[in-house]
1. Report the label-to-label distance for Lys288 and Arg258 in nanometres (one decimal), using points 7 Å from each Cα along the Cα→Cβ vector.
2. Grab the DSSP H runs of the chain that are 4 residues or longer, score each as -39,500 (n - 2.57), total them, divide by all residues and round the 222 nm result to the nearest 500 deg cm²/dmol.
3. Compute the long axis of helix 127-140 from its Cα atoms, compare it with the longest principal axis of the Cα atoms of the chain, and write down the angle in degrees, 0 to 90, nearest 10.
4. Read phi for every residue in the stretch 316-327 and hand back ³J(HN,Hα) as whole Hz from Karplus 6.51 cos²θ - 1.76 cosθ + 1.60, θ = phi - 60°, with x for Gly and Pro.
5. Where does each of Ser126, Ser58, Ser115, Ser232 land when they are ranked from fewest to most other beta-carbon atoms within 10 angstrom?
6. At 0.36 nm per residue, minus the direct Cα-Cα distance, what do Ser164 and Ala318 gain on full extension? Give it in nm, one decimal, please.
7. With θ set to phi - 60°, apply the Karplus curve 6.51 cos²θ - 1.76 cosθ + 1.60 along the stretch 295-304 and write out the HN-Hα couplings as whole Hz, x wherever there is a Gly or Pro.
8. Hey, what angle do you get for helix 255-278 against the long axis of the chain, alpha-carbon based, 0 to 90 degrees rounded to 10?
Amino acid sequence: MSFIRRVTLATAVVGLGLGLATSAFAQVAIKIGTTVPEGDNPQTYAFKAMAEYIAFRSGGEMTVEVFYGGALGGDRELLEQVQNDTLQMTVVADGAVANFFPDIQVVAIPYLFSSTNHALTFFNTSPFFKDVADRMEKETGLKILRAAESGFRNITNNAKPIKSPADMAGLKMRTMESPVFMELMRSVGAAPTPIAFNETILALRQGVVDGQENAVATVRMFGVWEVQKYMSINEHIYSPGLVVTSAAFWNGLTEPQRQIFKDGAFVWATVSNSGYIANYNQDIQFLKENGVEIYVNTAEEKEQFKQAMQPPVLAFIAERIGQDKVDAFVAAVEETRKQMYATN
């Protein structure tokens, strides 16, 4: 039995130990859209665990149906459907959310978080980020239930190993449909091309772009490794997976239904996080065995990337949402780090 399957079963047991809900529910159908393919990956197991948990806790009166592999569209289309309450949940990167709520762009500041633990603690416990999420809900009708592991983003391409910012000059790089990520690539001399993720593999195969940037698990899970020769572990941005629901759907639930749905999202995040973190080394080894040349950037090289990327991206975001918001976000992230690691 694989590690991720053991985690799924363990999470289900924990959930069942809480006991059945005691009140009766009206039938509630929860449709979830994702670009993740259905298969042997952390998110698939997480969705299945969530569906089992919600069905059991509600006595079968709340059901979950998941549409995998971009069957209902890319991240932007999925968010539009959640916003319109034709879908009740999706999990997307912050870059996709920025098209609906520009203030979320601060999440994409390069080299901001010290670790996955630092990032997830901030997104899930910081009063500052809760205020950001509350404003987003009021302005867009999109409600963040939880932030989950998606990983630090790295650079892949078909030209050469990327050891320093200078190596990026002239490369045509696919980015999310996000102005911040386009500016990130310009900061190191690359030519950004915004392409929906479900069109990225074809663009790489046809040479429309030389490379892209994503987390290790994403490169494996979506088959990016099949069309890329090099991967540099420079970890330029931590990108959370944001579990997003419709505020209209949420407001239409009873209090007991909300608890079951929110706890179901917690089950999803627990299973998914465990799989991403536990499988990291296996994913790296898989990429190596399948012909991807892996280069792990040194601390000194990462500092070079930070110096090249961070100042222009900070200035770019500040122009769009205000310097005060950028400063407050950076300060809140640093405060979380100090509290976690007892540092000055």
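1. Rounded to a tenth, the inter-label distance reads 4.9 nm.
2. So the helix-based figure for the chain works out to -15000 deg cm²/dmol.
3. Taking Cα atoms only, the helix is inclined about 80 degrees.
4. Working through the residues one at a time gives 4, 5, 4, 5, 9, 10, x, 4, 5, 5, 5, 4 Hz.
5. Numbers: Ser126 18, Ser58 22, Ser115 13, Ser232 26.
By the 10 Å Cβ count, ascending, the order reads Ser115, Ser126, Ser58, Ser232.
6. Working: separation 154, 0.36 × 154 = 55.44 nm, distance 2.59 nm.
Difference between extended and current length: 52.8 nm.
7. In residue order, the calculated couplings are 10, 9, 5, 6, 4, 5, 5, 5, 5, 4 Hz.
8. Around 40 degrees separate the two axes.
None of the figures in this text is laboratory data; all of them are computed from the coordinates on show. Here the structure is a predicted model, which is why all the values come from computation and not from measurement. Please note: Cβ atoms are built from the backbone with ideal geometry, for glycine as well, and neighbour counts cover all protein chains shown.
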